[in-house]
Amino acid sequence: MSTLSSAALLLTLACIYVAIRRLRRTSVSGIPGPQPESFLMGNLGELHQGQAGEADFKWQSVYGGIARIKAPFGEDMLWISDPKALQYIFQTSGYNFPKQPERRALSRLLGDHGLTWADGTTHKRQRKVMLPAFGGPESRALLPIFEHYAEQVTLRWKEMLETAPGRSAVLNVIKYIAPATLDAIGEAAFDYKLGCLENSEDELAKAYQNLLADVFTRPSKAKIFFTSIAHYIPMPLAEFMYDHLPGQGLEKARFNRDVAHSVAEGLLKSKSHDLMLGKGNRDVMSILVKANASENDRARLTHDEMISQMRTIMLAGQETTSNTLSFALMELARYPQYQTRLRAEIRAAEQTVRERGDVSLSVQDMEAMPFLQAVVREVLRFHPVVPHNYRQAGQDDVLPLSKPLTLRSGEVVTEVAIPAGMRLVLSIAGYNRDKDIWGSDAHVFNPERFLEHSGKRGPTVGVFGNVLTFSGGIRACIGWRFALYELQAFIVQLISNFEFALTDDIKRLRRENALVMVPTLEGEAEKGVQVPLRVSLAGDLDY
């Protein structure tokens, strides 16, 4: 039987299983929600084919923090942005809400059996082994690396602009930022110089260029349907199908895997040899290799897990930071008053650093810059690079709600009972725009909200500024400090040296939903990620 015939049979069996399952499960039909597009697609087309956050903001405005949506074949799911419910899922209950198996299969496609794939005791063990490499001191020690690659982008742009008319040009800023952030994570996490910024033809650079945009941008209805139905296919079988089914996007993911595995194997061998000689650095892989010398199996990663972690870290460290930074530059171009204010603060801090005899800002210097911190928080809130998390109830449970919910029957409730196995779409995009948390102007980019507001913003959900962009609880992004320091290093360097202005093309920018949120231009999705801004050399400021 061919692979495609096997897939068809599996889908048929899955449909039967879904139908039986629907008859047996506790109903959440009393919860209001949007009308499905169709019986076959449910609401998933609207959620995944539109721009990131579009459906979330629409549903939030109509239904509040929780809505019943439909998966294929009319199966109920819950869409949630309610802060108290999210706190319960992320913080209180932890492993009682595992990842959906179909999403784990996608994680494995991009990061093997690493931390984003793992769940339960496997996730707990992997995270425990890896946490020491991502602590505060370890992350702060990597700031000079991030500053170095930010300086490399600065030097390249200065060379280009010195000969440009008016010392100004339209640049696709993410074209230069993405390889620089990949180089930065390569050196910071693995003490390995990838050279992607200097050589875009490098195999690893090509393997990561536009990866998520090429694989997941504007998924077809068939792809959305299969991903959802894969929920009912045994995970090894789903992974086998991702490894063998045809498709340009899948082939790019496989190419990425082959190249990343080759590089990771060489790095692991080198790091293990250094450890035997008593050498070692503070990069992530060196710390993991040292930890793996433990005789305690619970404190170790397998060889395959070590390889998987490199691929996971490379993807997470590059895609998230480069996209977030590009959105940051776009917003600062849109609001020149914020850009000017930030540049003044940065240059004042740089002057202080020079007066004390240092050459660059420290982490403490950046943390003492209130407007920089406000801009970073607002960018993370307004443009969450991962707009959704996906979980399912591991047991019958009850979700608390921040605000009373009126059911279709007219009954008003403050909590919702959900059955084991219920699939949940946790809306990071929706929570980050919740007006009860962030104010009536939640849909406006306004860094000053973080300067004007004092006190707690609702239930504790996120790990930084209570935004949910880095997720929360036991599955919070392990490298969130890395990301913060890298983001700040690039913003400081680029805003100090350049002025950014919008172009007409920015009117066509789409926040594409490709597992992570990626910037593309309407009608030019085939060109990959684009953020075209007018970049000019920044002049002197009057103090």
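Table for the structure above
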item	result
Solvent accessible area, Å² - LEU405, 1.4 Å probe, full protein context	10
Helix 173-190 axis, angle to the chain major axis (alpha carbon atoms, nearest 10°)	90
From phi via Karplus (6.51, -1.76, 1.60), per-residue ³J(HN,Hα) for region 201-214 in Hz, x at Gly/Pro	8, 4, 4, 5, 4, 5, 5, 9, 5, 6, 4, 5, 4, 6
Fully extended contour minus Cα-Cα distance, from THR92 to SER360, at 0.36 nm per residue	92.4 nm
VAL28 accessible area, 1.4 Å probe, all protein chains in place, Å² to nearest 10	10
Rounded Å value of the spacing that divides the Cα centres of region 54-70 and region 178-197	39
Alpha-carbon centroid distance for the pair region 330-409 / region 136-161, whole angstrom	20
Sum of -39500 (n - 2.57) over DSSP H runs of 4+, divided by residues of the chain (222 nm, nearest 500)	-16000 deg cm²/dmol
Total formal charge among the other residues, if their Cβ is under 10 angstrom from that of GLY33, Lys/Arg +1 and Asp/Glu -1	+2
For region 465-543, convex hull volume per residue from C-alpha positions, Å³	151
Reach of LYS128 by Cα under 25 Å, taken over lysines that are not fewer than 8 positions away in the same chain	LYS99, LYS269, LYS271, LYS279, LYS290
Amide H within-cut-off set for PHE498, under 5 Å, with H built and near neighbours excluded	ALA538
In region 412-515, the trypsin sites (Lys or Arg not before Pro) that fall in loop regions by DSSP, at most 16 other Cβ within 10 Å	LYS456
Accessible carbon and sulfur surface of region 408-543 relative to its total accessible area, %, 1.4 Å	46
Extension gain from LYS279 to PHE255, taking 0.36 nm per residue of separation minus the Cα-Cα distance	5.4 nm
Helix 143-162 vs. the chain, principal-axis angle (Cα, 0 to 90°, nearest 10)	70
Average accessible surface area per residue within the chain, 1.4 Å rolling probe, Å²	41
List CYS477, CYS196, ordered by accessible area with a 1.4 Å probe, largest first	CYS477, CYS196
J(HN,Hα) series, region 216-226, from Karplus relation 6.51 cos²θ - 1.76 cosθ + 1.60, nearest Hz, glycine and proline x	10, 5, 6, x, 5, 4, 4, 5, 5, 4, 5
Under-5 Å amide H pairs with ARG510, H placed in peptide plane, nonlocal only	THR520, LEU521, GLU522
Between helix 120-130 and the chain: long-axis angle, C-alpha atoms, 0 to 90°, nearest 10	10
Across LYS124/LYS206; LYS221/LYS252; LYS70/LYS221, pairs whose alpha-carbon gap is larger than 22 Å	LYS124/LYS206
Amide H contacts under 5 Å for MET517, placed H, 5+ residues apart	VAL386
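The values are calculated or read from the model by the stated rules, or taken from the named source; none is laboratory data. From a predicted model like this one, the values you see are computed outputs, not experimental measurements. A quick note on method: Cβ atoms are made from the backbone with ideal geometry, for glycine too, and the neighbour counts reach across all protein chains shown. The area values use the complete protein model at the heavy-atom level, side chains included, leaving out ligands, DNA and RNA. Shrake-Rupley method; radii C 1.70, N 1.55, O 1.52, S 1.80 Å.
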